[in-house]
Amino acid sequence: MEVYRMLPEGTLAELIDGILYMSPSPIDSHQRAVTRLVGQMYLFVEKNDLGEIFTAPFDVYLDEHSNAVQPDILFIAKENLAIVKGHVHGVPDLIIEILSEGNSEHDTVRKRNLYEKSGVKEYWIIHPTTKVVIGYQLRGESFNELDATRGKINSQLLKHTFSF
């Protein structure tokens, strides 16, 4: 964690189970998906006074010793905003990751397991070129996989559908 905290601002890196992972900058289809989703989500969350939306690069310290991530998009419910102290120090309610070329295992396995273990209520994984979306909802201590969709996220947590 000491090394992670010393990285220059804006560095695309994550610390998972004490291992540092670096990432290249995202490609155009990734950025289009982020932009379209963030615009819709921000307007919906603001209009309904539900909480806050943040985008990468923005540090999320799931714990203070071995897990710090930079999700593409995250939502923190109004009642949980106390975890935002410069960065996020705790578990977001909803996380969206858009896959990067050649690194899908990082989001589909490593981060999925971390988010499940940490207690993220809803986790969405998007393939930016095919627009296939896989979602997970926390039930007890385990993720329940939701029906796959294409080009939309049906958030049960926010009770709204977002398209991209």
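The values are calculated or read from the model by the stated rules, or taken from the named source; none is laboratory data. Keep in mind the model is a prediction, meaning the values are calculated, not measured. As a convention, Cβ positions derive from the backbone with ideal geometry for all residues, glycine included, and neighbour counts pool all protein chains shown. Heads up: the accessible areas ignore ligands, DNA and RNA and are worked out on the full protein's heavy atoms, side chains in. Shrake-Rupley method; radii C 1.70, N 1.55, O 1.52, S 1.80 Å.
With n ≥ 4 as the cut-off for DSSP H runs, can you work out [θ] at 222 nm for the chain, using -39500 (n - 2.57) per run divided by the number of residues, rounded to the nearest 500?
Calculated from helices alone, the mean residue ellipticity at 222 nm is -6000 deg cm²/dmol.
When the accessible area of the chain is computed with all protein chains present and a 1.4 Å probe, what percentage of it is carbon and sulfur?
51 percent
Å³ per residue of the Cα convex hull, for the stretch 17-106?
Spelled out: Cα convex hull of the stretch 17-106, divided by residues, is 96 Å³.
Could you please report the charge total around D59, scoring K, R as +1 and D, E as -1 over all other residues with beta-carbon less than 13 angstrom from its beta-carbon?
In short, -2.
Given the C-alpha centroids of the stretch 4-31 and the stretch 86-164, what is the distance between them in whole angstrom?
18 Å
Mean shadow of the stretch 100-143, computed from the convex hull of its alpha carbons, in nm²?
For the stretch 100-143, the mean projected area of the Cα convex hull comes to 2.9 nm².
Subtract the Cα-Cα distance of K85 and E141 from 0.36 nm times their separation in residues, and report this length gain in nm to one decimal.
This chain segment gains 17.5 nm when fully extended.
Could you please report the charge total around H160, scoring K, R as +1 and D, E as -1 over all other residues with beta-carbon less than 11 angstrom from its beta-carbon?
Net charge around H160: +3.
Rank by packing, highest mean first: peptides 7-16, 92-101, with packing defined as the count of other Cβ atoms within 10 Å averaged across residues.
92-101, 7-16
Please give me the summed charge of the neighbours of L81: other residues whose Cβ is under 11 Å from its Cβ, Lys and Arg +1, Asp and Glu -1.
Surrounding charge for L81 is -1.
Starting at 0 and stepping by 10 Å, how many percent of the alpha carbon pairs of the stretch 50-89 end up in each bin?
Histogramming the stretch 50-89 at 10 Å steps yields 31, 59, 10 percent.
Could you give P(r) for the stretch 117-164, binned at 5 Å from zero, as whole percent values over all Cα-Cα pairs?
Taking all Cα pairs of the stretch 117-164, the binned fractions are 5, 23, 31, 22, 13, 6, 0 percent.
Got a sec to turn the phi values of the stretch 150-164 into Karplus ³J(HN,Hα) couplings, 6.51 cos²θ - 1.76 cosθ + 1.60 with θ = phi - 60°, whole Hz, x for Gly and Pro?
Here the 3J(HN,Hα) series is 10, x, 7, 10, 9, 6, 6, 5, 8, 6, 7, 10, 10, 10, 9 Hz.
Could you state, as a whole-number percent, how many of the C-alpha pairs of the chain are farther apart than 20 Å?
47 percent
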